[in-house]
Amino acid sequence: DTAVSQTPKYLVTQMGNDKSIKCEQNLGHDTMYWYKQDSKKFLKIMFSYNNKELIINETVPNRFSPKSPDKAHLNLHINSLELGDSAVYFCASMGPSYEQYFGPGTRLTVT
Amino acid sequence: SQQGEEDPQALSIQEGENATMNCSYKTSINNLQWYRQNSGRGLVHLILIRSNEREKHSGRLRVTLDTSKKSSSLLITASRAADTASYFCATDVEGAQKLVFGQGTRLTINP
């Protein structure tokens, strides 16, 4: 009965590869997010979707493409991975009182 | 630049003592939220305080908000070893439809 789940938990890949991270929430929330947390723990928003529509794109390189097939899912596809993409990526959804529920994170390591 | 700045960056206290963390921000907000992140995990929502509120309590947590000084504090009373984690403040910026996170305070409770 996990509220926000992400797969995979760990992802190790080489520069230039393309990879995807999947996120699902079973809370019935309309709004979902992708965040990037760097090695200094700084958490930065990347994208936000409301009911399958993109509402925030925080000047993320267009190698990153989010896709929301339905309001319970928000996936992140990354093309041509670079060393600087190494980070922990978190998916989150927003509850009715504006609090956010985070997934467990996907640790991406690009070598 | 970051919206939220937290102080201190790291705090180490003995079990049973109180822990206070501070957060300052720059622009007008709808609300301010505090989250906890245990090592290797996602963030967990602790408490939300609205811009028209000055103080809020939840169990051993007490949050204050001073909008004139653009600052908030989180007090954890009677700390326990399980409180060891990073704590983040996040501001729901007016008109921005997103949360902006501070860099976090790493709290260590020594048994």
Quickly rank A:52-60, A:32-40 as a protection proxy: mean count of other C-beta atoms within 10 Å, highest first. A:32-40, A:52-60
How big is the dipole moment of the range B:20-105 about its Cα centre under a simple scheme where the beta carbon of each Lys and Arg is +1, that of each Asp and Glu is -1, and everything else is neutral? Debye, nearest 20, please. 120
Which one, B:Ser86, B:Ile76, B:Thr64, is farthest towards the positive end of the dipole of the range B:53-94 when Lys and Arg carry +1 and Asp and Glu -1 on their Cβ? B:Ile76
Using the reciprocal of the averaged 1/r over all distinct C-alpha pairs, how large is the Kirkwood radius of chain A in Å? 13.9
Taking only Cα atoms and a 10 Å spring cutoff, compute GNM fluctuations for chain B and point out the largest among B:Ala82, B:Ala19, B:Ala90. B:Ala82
Which lysines, on any chain, are close to A:Lys9 with Cα under 23 Å apart, when same-chain ones fewer than 8 places away are left out? A:Lys19, A:Lys22, A:Lys36, A:Lys40, A:Lys41, A:Lys44, A:Lys67, A:Lys71
Any idea which of B:Gly40, B:Ile13, B:Ser24 is furthest toward the positive side of the dipole for the range B:1-43, if Lys and Arg beta-carbons carry +1 and Asp and Glu beta-carbons -1? B:Gly40
Relative contact order (%) - chain B, alpha-carbon pairs under 8 angstrom, separation at least six: 38
Close lysine pairs (chain B; alpha-carbon distance under 17 Å; 8 or more apart or on separate chains) counted at 4
Can you compute the charge dipole magnitude of chain A about its Cα centre, using +1 on each Lys and Arg Cβ and -1 on each Asp and Glu Cβ, nothing else charged? Give it in debye, rounded to the nearest 20. 280
Across peptide A:91-103, how many C-beta atoms of other chains are within 10 Å of each residue C-beta, on average? 5
Per residue convex hull volume, Cα only, chain B, in Å³ is 94
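Bear in mind that the values in this text are calculations on the coordinates, not laboratory data. This is a predicted model, so every value here is computed, not measured. With ideal geometry, Cβ positions are generated from the backbone for all residues, glycine too; neighbour counts draw on all protein chains shown.
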